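The structure under discussion appears below in the form of structure tokens.
The values are calculated or read from the model by the stated rules, or taken from the named source; none is laboratory data. Since the model is a prediction, treat every value here as computed from it, not as a measurement. All Cβ positions, glycine included, derive from the backbone under ideal geometry; neighbour counts span all protein chains shown.
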Amino acid sequence: MSDLTLFGLSGALRAGSFNTQLLLQAASLFGGNFNQGDLNLPLYNADDETSSGIPATVQLLADQIASADAIVIATPEYNKAPSGVLKNALDWISRTEGKPFAGKPVALISATAGRTGGETALGHLRAWMVPFQPRLLLGNEVQIAGSMREFENGSLISERYTATLTTLMTRLRAEASR
Ligand SMILES: Cc1cc2nc3c(=O)[nH]c(=O)nc-3n(C[C@H](O)[C@H](O)[C@H](O)COP(=O)(O)O)c2cc1C
């Protein structure tokens, strides 16, 4: 099927982000349609929510998640956890109606400078996703260590990492087709 829609989130906002590069390579391996969410959102503040409701940028994100066939989330590891940018987005999304992640196949991936490739951050992220009730893919962990040495022209250099990402995206596509 070439008409499946993958939706991607990158927990890093910087232009040269390795996580965004990883996300885009994942999308290319998945095939089909791809859209990326904009996580440049206001900081969650319950007073703002009470006075102004859900921001349009957050509602758009929730709608994009709800209408996708599968989701991939790439996060950097910041001080042994996923980025605050990603947590803020998840907190906002949790305030929207309709549980947009519920039942969706979701793959979690990471690229970090350190030697563990974001293993600790991914462990936290898996736990963070529990309230959203997605169909989380487990195994075939894509944890790119030494991120600054692992990308060239926007793609992974190593055959081993590329093979793991390919396997994960093949599984994600199969889950989305079920
Ligand atoms: C505030 C901060 C904390 C970081 N903490 C970690 C860490 O705990 N583990 C790690 O492997 N790398 C850590 N790094 C390095 C990032 O993983 C690395 O810069 C990564 O490439 C950032 O993702 P990006 O390329 O998608 O922006 C940290 C970087 C920053 C800015």
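Could you run through region 17-55 and say how many residues are within 20 Å of Leu86 (Cβ to Cβ) and either of a type in the set (A, V, I, L, M) or within 16 Å of the ligand (Cβ to nearest atom) (or both)?
Number satisfying all stated conditions: 20.
Search region 140-163 for residues being crowded, with 19+ Cβ neighbours inside 10 Å and among the hydroxyl-bearing types (Ser, Thr, Tyr), and hand back the single one that is nearest to Gly32 (Cα to Cα).
Among those that are crowded, with 19+ Cβ neighbours inside 10 Å and among the hydroxyl-bearing types (Ser, Thr, Tyr), it is Tyr161.
Filter the strands (runs of 3 or more DSSP E) completely within region 1-108 down to those with at least 2 residues that are in contact with a strand residue (DSSP E or B) (Cβ under 7 Å, 6 or more places away or on another chain), loosely packed, with under 15 Cβ neighbours inside 10 Å and modelled with pLDDT of 95 or more. I'd like the intermediate steps shown before the answer.
Values: elements: 5-10, 33-36, 70-75.
Counting at least 2 such residues, we get 33-36.
Name the single residue, out of those in region 123-151 being closer than 22 Å to Asp69 by Cβ and in contact with a strand residue (DSSP E or B) (Cβ under 7 Å, 6 or more places away or on another chain), that is farthest from the ligand (Cβ to nearest atom).
Arg135
For the condition within 12 Å of the ligand (Cβ to nearest atom) and among the charged types (D, E, K, R), what is the one hit in Arg95, Arg14? Even if it seems obvious, please write down each step before you answer.
Numbers: Arg95 fails: within 12 Å of the ligand (Cβ to nearest atom).
Going through Arg95, Arg14 in turn, the sole match is Arg14.
Restrict the check to region 38-54 and report whether at least one residue is under 13 Å from the mean Cα position of the chain (by Cα) and within 20 Å of Leu136 (Cα to Cα). Outline the logic, then answer.
Quick first cut of region 38-54, residues under 13 Å from the mean Cα position of the chain (by Cα) only: 38-39.
Going one step further and asking which of them are within 20 Å of Leu136 (Cα to Cα), we end up with none.
No, region 38-54 contains no residue that is under 13 Å from the mean Cα position of the chain (by Cα) and within 20 Å of Leu136 (Cα to Cα).
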